[in-house]
Structure formats: structure tokens, C-alpha cells
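Reading through the C-alpha cells given below for one structure.
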Amino acid sequence: MSTSLILFEEVDVIFDDDVGFLTAIKTFMTTTKRPVILTTSDPSFSAKFDGDFKAILFKTPSVVKVCSYLQLLCLAENVRTDPGDSPLW
């Protein structure tokens, strides 16, 4: 069984012509049977969007974590890397 979702990106970027956009999304969310995901870069968006939702905040990972993950990925994919390429060494 396949599951799909509905994604609206950057919903905080609303132009003058987009009057009613957020209201339409709220209405859509109450009628659809699919999960709806909204993305925004505005941390205060949840105060503007009065709806039943769960907010997930992502933070920028540290350089150490990114490098470690990429090294592990290269190892899993059998891609050789030069240790000098890493900013950690």
C-alpha cells in the first residue's frame, strides 16, 4: 500500500495576490485524508496560522556531525575520500 502526502513549501511567503491562501490551506487540511506538510522559515508562523498541527523545528547541524555523516556515507557507498578533504583534520 502506498502512502502519499501533500507538501506546501514556504507558506510564509505570501504575495498581495495570494489573499485567502492560508484560509484555503486550513480548509483543505480539514477535508483531506492525506497528511499535509507546510514548510516555513518564519519561527513565529504558528502564531499566525491557527490550526491543528505539530511543529518540528530543525537546527543546522555542526560541522563535525555533517563531516562524520558524509564520511560514513562515503564508506557505505565504497567511495574513497582523502582525509585532507575534511575540515576536521
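The values are calculated or read from the model by the stated rules, or taken from the named source; none is laboratory data. Small disclaimer: the values here were computed from a predicted structure and weren't measured. No Cβ is skipped: glycine too gets one built from the backbone with ideal geometry, and neighbour counts run over all protein chains shown. Remember, those area values only see protein heavy atoms, side chains included, never the ligands or the DNA or RNA. Shrake-Rupley method; radii C 1.70, N 1.55, O 1.52, S 1.80 Å.
In this structure, is T39 modelled with pLDDT of 90 or more, surrounded by 10 or more Cβ atoms within 10 Å (Cβ to Cβ) and within 29 Å of F8 (Cβ to Cβ)?
yes
So, of the residues in segment 50-77 that are at pLDDT 80 or above and of a type in the set (F, W, Y), which turns out to be nearest to T3 (Cα to Cα)?
That would be F58.
Give me the residue from segment 54-69 that is surrounded by 10 or more Cβ atoms within 10 Å (Cβ to Cβ) and without any contact (Cβ under 8 Å) to a residue 24 or more places away in the chain and, out of that set, nearest to K26 (Cα to Cα).
Selected residue: A55.
Consider R34 against the criteria (1) within 30 Å of D85 (Cα to Cα); (2) open to solvent by 60 Å² or more (accessible area, probe 1.4 Å): it satisfies all of them except one. Which criterion is unmet?
The failed condition is (1).
Kindly indicate whether any position in segment 13-22 is of a type in the set (F, W, Y) and assigned to a loop (DSSP other than H, G, I, E, B).
yes
Of the residues R80, R34, which is part of a loop (DSSP other than H, G, I, E, B) and at pLDDT 90 or above?
Every option except R34 fails the conditions.
What's the number of the only condition in (1) touching a Ser or Thr at 6+ places or on another chain (Cβ under 9 Å); (2) part of a helix (DSSP H, G or I) that F53 fails to meet?
The one condition F53 does not meet is (2).
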